[in-house]
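Some notes on the structure that comes next.
Throughout, read-outs are computed from the coordinates displayed, never taken from laboratory work. Keep in mind it's a predicted model, so treat the numbers as computed, not measured. Cβ placement follows ideal geometry from the backbone for every residue including glycine, while neighbour counts extend to all protein chains displayed.
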Amino acid sequence: MSSSRRPAARVPRHSRRIRRHGALRLVATVLVGALTFVGGGAFAVYTNFASNVGGGLDLEAMRTEAPVQPDPEDGPTTEAPPTDPRAGQAINIVLIGSDSRDGENLAIGGGEEGGARSDTTLLVHVAADRSRVEAVSIPRDLLTAIPACPLDQDNLERTSGRQSSAMFNSAFSTGAAQGDVHLGAYCTALTVEGLTGLTVDEYAVVDFAGFQRMVDTIGGVPMCIPEPIVDPRSDLDLAAGQQTLDGQQALGLARARKIAGSDGSDIQRIDRQQELLAAVVRQVLSKNVVTDIKPLLDFLDAVTDSLSVSSGLANLMNLAGLATSLGSVGAGGVTFVTMPFDYAGARVVENGLSEQLWERLRNDEPIVTPEPEPEPPVVADPGAPETPVEGEGDPGAQPPVEETPDPEPTETPTQDPWTVVRGTDETIC
């Protein structure tokens, strides 16, 4: 691998648990299945993946020296199965939904041409023992500090000015001011690090057009819409009832803010987004995407074509290894939660609960306290002597001592001060 290549950029999912099979088990099966195609099949999958996502920034290298873009000729080998490159280490990934990347996004309602903003951001924490995955939604309207961010991959010393208080989603547009999505993600990662005290290891950016194609590829998403939803700005007009959303409708539902009965805030929209993502996972599983080759390739193509990722996630073998190590994570191990906050007018700010959440992640502790194991029932010893009935037996025996009644049980307050939503809470109309 050459050491003189152009520096690369790095860009890194209110609580919802995915269904029993687990979203990450799905990813693992998809990737490993693709890699185990015989002959040209595996090479075709890898080539398509690599050409679609490209090579992003190496975040670890960005902290130490000018990063090196991965050699595009570095492909998968058949010498050994994929392994988790960070086995035994916790991993933090920033996932970003961007509202503009190219003309196609502009045509379906993205941001202004030549610009890019983060529409949705989640910090995903993968536990060191790979027993759980926890995704924290960070509100785009959060007021926080934005650090000085590189604006040119060829000159990392050329940076933006530091902002002591700005909207969180402005970090992406600041870094991507020159049109570099990877630097936009890198600035977002730096902002997340300053906010949380965590080190961000990887990033991924998905655009509107890619998400729309992905939903269409799996045949739409079945959803229950409790009440009619109309939002002209998102080109959304949904009747109430059970229905299957196509890609355009699903994208509109994820983006909609100004709808009847809503305060128009990003906070209420986060709930809908997570319900939608859980429905996407259920649909992928029901369509046997992981077992049928053509749907598998179509799905991979739709997903990868929508991504800009850091160098670690651009390596298909590394990604397959990580996904494989997470294959046993089920519904109880995947959780989504919204960062705790206080309102500050039309914006939101951190509070004490935010720091409690970040501390758990820094310590690699579960953000949802496990429920205590029920105490085993008391089983009487069949060989124990029978208790004599009062008034029988020895007339000189002392009367039995009255037992003190147990105190009334008190309600134990919840141990987690944030609201969690489980993916199995599927709404049926």
Legend entry - Cα lying deepest toward the dipole's positive end in the stretch 325-364, options 357, 337, 327, charges on Cβ: 327
Inset, instruction - Please give the contour-minus-distance gain from residue 268 to residue 246: 0.36 nm per residue of separation, less the Cα-Cα distance, rounded to one decimal in nm. - result: 5.7 nm
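Go through 200-213, 366-379, 219-232 and give me the packing order, highest mean Cβ count within 10 Å leading.
Output ranking for 200-213, 366-379, 219-232: 200-213, 219-232, 366-379.
Add +1 for every Lys or Arg and -1 for every Asp or Glu among the other residues with Cβ under 12 Å from the Cβ of residue 127, and state the total.
Surrounding charge for residue 127 is 0.
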Inset, instruction - Please report, in debye to the nearest 20, how large the charge dipole of the stretch 295-372 is about its Cα centre when each Lys and Arg carries +1 at its beta carbon and each Asp and Glu carries -1 there. - result: 60
Legend entry - Label-point gap, in nm, between residue 379 and residue 362 - each point 7 angstrom along Cα→Cβ: 4.7
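Using the number of other C-beta atoms within 10 angstrom as an exposure proxy, rank 294, 287 with the fewest first.
In order of increasing Cβ crowding within 10 Å: 294, 287.
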Legend entry - Within the stretch 131-204: Cβ-based charge dipole about Cα centre, in debye rounded to nearest 20 (Lys, Arg +1; Asp, Glu -1): 240
Legend entry - Convex hull of Cα atoms in the stretch 123-210, direction-averaged projection (nm²): 6.8
Inset, instruction - Would you compute the Debye intensity of the stretch 301-377 from its alpha-carbon atoms alone, equal scatterers and no solvent, and pass along log10 I(q)/I(0) at q = 0.12, 0.21 Å⁻¹ to two decimals? - result: -0.66, -1.08
Legend entry - Ascending count of other beta-carbon atoms within 10 Å, so fewest first, for 310, 164, 325: 164, 325, 310
